[in-house]
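Worksheet: the structure to be examined is printed underneath.
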Amino acid sequence: MILDILEYPDPRLRTIAKPVGDLTDADLTLIDDMFETMYDAPGIGLAATQVNVHKQIIVMDLSDDESEPRVFINPQVEVLDGEREVMQEGCLSVPGFYEDVERIEHCIIRAIGRDGKPFEIEAQGLLAVCIQHEMDHLNGKLFVDYLSNLKRTRIRKKLEKLHKQSA
């Protein structure tokens with residue numbers, strides 16, 4: 001089922017997600033629905049917070065052909081070196097806007113997979129940036145928070161205007 005994606009400046013995007021305990025059938029259905037929603041949007045990552053479910057669940061697929069679905073439950077990041085990288089980011093909750101954001105370039109990600117088992121991977125480049133972007137959502141933060149007040153205000157006003165026109 002395709003879920004509604006909350007759009008900035010919706011205050012529900014600022015809700016801090018809670019850790020997932022034992023995986024339930026409802027969690028697995030949510031994960032499937034999140035993938036369907038992300039692919040339909042289309043996007044490469046989606047946090048449960050963006051679909052108004054405040055659990056620490058992220059889905060991601062960085063492939064061009066939807067062949068590498070990844071699930072991160074209760075993710076944690078450990079920085080491996082202090083190198084930072086600037087990449088242009090977009091967001092399904094901030095549609096139509098892309099801005100440069102600086103993030104850690106090399107990290108270890110620890111999480112639980114869809115199978116309920118913990119795993120650890122080393123991430124660099126787009127994967128490292130994407131997991132940090134999605135983890136920000138779980139902490140009530142958006143990529144626009146890294147921008148200047150002027151840029152953030154401009155984006156908010158444009159999206160508010162679009163929301164009023166479509167209402």
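The values are calculated or read from the model by the stated rules, or taken from the named source; none is laboratory data. Note that the coordinates shown come from a computational prediction; the quantities given were computed from them, not determined experimentally. Cβ placement follows ideal geometry from the backbone for every residue including glycine, while neighbour counts extend to all protein chains displayed. With ligands, DNA and RNA removed, areas are computed over all heavy atoms of the protein, side chains included. Shrake-Rupley method; radii C 1.70, N 1.55, O 1.52, S 1.80 Å.
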Notebook entry, point to check: Does I16 fit the bill of being under 18 Å from K141 (Cβ atoms), of a type in the set (A, V, I, L, M) and open to solvent by 20 Å² or more (accessible area, probe 1.4 Å)?
Noted result: yes
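The rows are residues; the columns are (1) more than 15 Å from the chain's Cα centre (by Cα); (2) modelled with pLDDT under 95; (3) among the hydrophobic types (A, V, I, L, M, F, W, C).
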position: E99; (1), (2), (3): yes, no, no
position: E105; (1), (2), (3): yes, yes, no
position: H137; (1), (2), (3): no, no, no
position: S166; (1), (2), (3): yes, yes, no
Notebook entry, point to check: Is it true that some residue in the stretch 150-157 is surrounded by 13 or more Cβ atoms within 10 Å (Cβ to Cβ), within 29 Å of E83 (Cα to Cα) and not hydrophobic (A, V, I, L, M, F, W, C)?
Noted result: yes
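Which residues, taken from the stretch 50-61, are open to solvent by less than 60 Å² (accessible area, probe 1.4 Å) and either outside any loop (DSSP other than H, G, I, E, B) or in contact with a His (Cβ under 9 Å, 6 or more places away or on another chain) (or both)?
Once the filter is applied, which keeps residues that are open to solvent by less than 60 Å² (accessible area, probe 1.4 Å) and either outside any loop (DSSP other than H, G, I, E, B) or in contact with a His (Cβ under 9 Å, 6 or more places away or on another chain) (or both), the stretch 50-61 yields Q50, V51, I57, I58, V59, M60.
Among the residues of the stretch 146-167, write down those that are among the polar types (S, T, N, Q) and in a helix (DSSP H, G or I).
Restricting attention to the stretch 146-167, the residues satisfying the condition of being among the polar types (S, T, N, Q) are 148-149, 153, 165-166.
Those that are among the polar types (S, T, N, Q) and in a helix (DSSP H, G or I): N149, T153, Q165, S166.
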Next item on the list: Only one of these is out of contact with any Pro (no Cβ under 8 Å at 6 or more places or on another chain) and open to solvent by less than 20 Å² (accessible area, probe 1.4 Å): D64, D27, D22. Name it.
Entry: D27
Next item on the list: Can you run down the residue pairs with Cβ atoms below 8 Å, 6 or more apart or on separate chains, where the first is in the stretch 81-102 and in contact (Cβ under 8 Å) with a residue 40 or more places away in the chain and more than 12 Å from V129 (Cβ to Cβ) and the partner is among the polar types (S, T, N, Q) and open to solvent by 40 Å² or more (accessible area, probe 1.4 Å)?
Entry: E99/Q88
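Residues in the stretch 30-41 that are open to solvent by less than 80 Å² (accessible area, probe 1.4 Å) and either of a type outside the set (A, V, I, L, M) or free of Cβ contacts under 8 Å to residues at least 12 places away in the same chain (or both): how many? Steps first, answer last, please.
Residues of the stretch 30-41 that are open to solvent by less than 80 Å² (accessible area, probe 1.4 Å), as a first pass: 30-35, 37-39, 41.
Keeping just the survivors that are either of a type outside the set (A, V, I, L, M) or free of Cβ contacts under 8 Å to residues at least 12 places away in the same chain (or both) gives 32-33, 35, 37, 39.
So the count comes out to 5.
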Margin query: List pairs: first residue in the stretch 51-69 and over 17 Å from R114 (Cβ atoms), second residue assigned to a strand (DSSP E or B) anywhere in the structure, Cβ distance under 8 angstrom, at least six positions apart or on different chains.
Written below: H54/K18
Notebook entry, point to check: List pairs: first in the stretch 1-22 and touching a residue at least 24 places away in the same chain (Cβ under 8 Å), second open to solvent by 40 Å² or more (accessible area, probe 1.4 Å) and hydroxyl-bearing (S, T, Y), Cβ under 9 Å, 6+ apart or cross-chain?
Noted result: M1/T29
